[in-house]
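What follows is a set of notes on a single structure, which appears directly below.
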Amino acid sequence: MSYVIRWSTIAGVILFACTPSIQAATSVSPSLTGSWSGSATGTEYKDQDNGTGGTTPVSHKASGNAVASVTQTGNDLIFTLTITSTNSSTPTTFTVPLTGKVGDFAFWATGVEPASDTDPAQQVFASGHFDKKPSKITGNMIFYKDHHVTDVAYTLKKTSSTPMVRDARYAFVLPEAAPRDNNTPFNIAGSSTGKSFDFSTSAKAVSVKSTISGMIDPVAKTATVTNTVGSNAETFNETEIDGGKAFVFTGMSGSDSLLLFGVGTGTGGGGIGWIYNDGGMTEFKWSVKKQ
């Protein structure tokens, strides 16, 4: 029961590319403090009891209305998001409190669903991008817990402003999921592309590319991956959470955290990921193949 791909590979690669060559600031990244509202859509992946003592991977679309309260103090962010589902005749509402860092027209935040919510104890990661007004936030959220993973794209507009035309969100395309049919360690290789944001500036985001190599242990749900940009290489050790045919890998290297979300394709896989710390964030898409 493993994914043919592990996300850890991409994160470290980008790390090397994001620190050099940040351009000089061209404008001041505005404060996000205020009230926001919008919508959220995504895909929910689960391991569902099949009635025979095993589990069956299932997935379905999820959507809802979103309301957010944001408080920004310098580079510190408090991001409280309330989502009301629109998938059924009986709407379900849950609120997630998140904290993180912001700057360079982008942010990241993390949190845990409270015990009072519909699926308590889910870990949550959010990233976002915004304009110079600011009047619009676009981004992604990943909810993850054993046997349950959800990828959500959201859009929020400031309640007292006119939305801008430009959409800063990346259009990530995920591969079709395939069964996790590998029970022995295997090697992977691939690449990633993305953008790096330096929260100490308001400069244009820097494009980054990397190569990926590593070894996955699907039984232990761990991975060791080396990411390389030019002559620079860094290795991340990661742990996995499965949810149906999707998975999340998390790990650290020094002060840098990474989160990778993806689905497998049988011979490889791909998805989206983030490297983040107090000073910035790299957001990227990746693909790898089993060797």
*Selection from the stretch 267-291 of residues that are touching a Pro at 6+ places or on another chain (Cβ under 8 Å) and closer than 18 Å to residue 219 by Cβ*: 269
_Qualifying residue in the stretch 194-203 (condition: under 20 Å from the mean Cα position of the chain (by Cα), polar (S, T, N, Q) and not assigned by TED's automatic domain parsing to the domain that holds residue 132)_ = yes
*In the stretch 205-217, what residues are within 21 Å of the chain's Cα centre (by Cα) and either closer than 30 Å to residue 133 by Cβ or not basic (Lys, Arg) (or both)?*
205, 206, 207, 208, 210, 211, 212, 213, 214, 216
*Within the stretch 198-232, work out how many residues are in contact (Cβ under 8 Å) with a residue 24 or more places away in the chain and either among the small types (Gly, Ala, Ser) or under 19 Å from residue 252 (Cβ atoms) (or both).*
22
*Look at the stretch 101-122 and say how many of its residues are in contact with a strand residue (DSSP E or B) (Cβ under 9 Å, 6 or more places away or on another chain) and free of Cβ contacts under 8 Å to residues at least 40 places away in the same chain.*
13
*Tell me, which residue of the stretch 71-124 that is within 21 Å of residue 138 (Cβ to Cβ) and among the small types (Gly, Ala, Ser) is modelled with the lowest pLDDT?*
85
*If you check 271, 262, which single one turns out to be under 14 Å from residue 188 (Cβ atoms), of a type in the set (Gly, Ala, Ser), modelled with pLDDT of 90 or more and in a strand (DSSP E or B)?*
271
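The values are calculated or read from the model by the stated rules, or taken from the named source; none is laboratory data. Owing to the predicted nature of the structure, the values given are computational and were not obtained by experimental measurement. Ideal geometry is used to build each Cβ from the backbone, glycine not excepted, and the neighbour counts take in all protein chains shown.
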